[in-house]
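In what follows, a single structure is set out as C-alpha cells and then discussed.
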Amino acid sequence: MRRQTSSGSSISAVTRAQRNEIIKSKKIFSEISLQAAAPSKDWCSAVVNDKGVIWRRWYISPATARIDAAAQKAATESVCTLDDFIDGDFHREIAVSLGDAVLQQLLDAAAQARE
C-alpha cells in the first residue's frame, strides 16, 4: 500500500506494528541531524537502523517559533522499511532538504543494515 507525501511523492505505508518495531530498534547504522539547505530554517533528522528508516522534519518559521498549539504541529515523522527506502521512499525529500551526498550516505547505511 502506498500513500502520498506532502511533497507529492508516493511512499509505502507501514503498519502500526511495523512502525513501532522500527522506532524501538536500538541497532543504529546511521543517524544524521542537520538544518535543511538555505533559505530554509527547517531541521531534519534521519535514522537508519536494522529494521527501517525514520525521517523527521521540524518546520521552522516565525509562526511556529511561538510556544503554542501551532508549534506542536510543526514536526512530521515518517517511517519505512529498509527495502522501501532503498526502492525510493523519501529519496526526493532527503535530496532536496539535505543534499545528494547525505542521501547516498543513508542509502549506503540502509544497504549495510539490510545485509
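So the values come out like this:
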item: Ordering of 46-56, 87-97, 23-33 by burial proxy (mean other Cβ atoms within 10 Å per residue, highest first); result: 46-56, 87-97, 23-33
item: Cα→Cβ-extended label distance, 7 Å offset, between Arg16 and Arg92, nm; result: 3.0 nm
item: Cβ-defined net charge surrounding Ile23, 9 Å radius [Lys, Arg +1; Asp, Glu -1]; result: +1
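Read the figures in this text as sums done on the coordinates, not as results from a lab. Predicted, not measured: the structure shown is a model, and the values here were computed from it. Here Cβ is always computed from backbone atoms with ideal geometry, including for glycine, and neighbour counts include all displayed protein chains.
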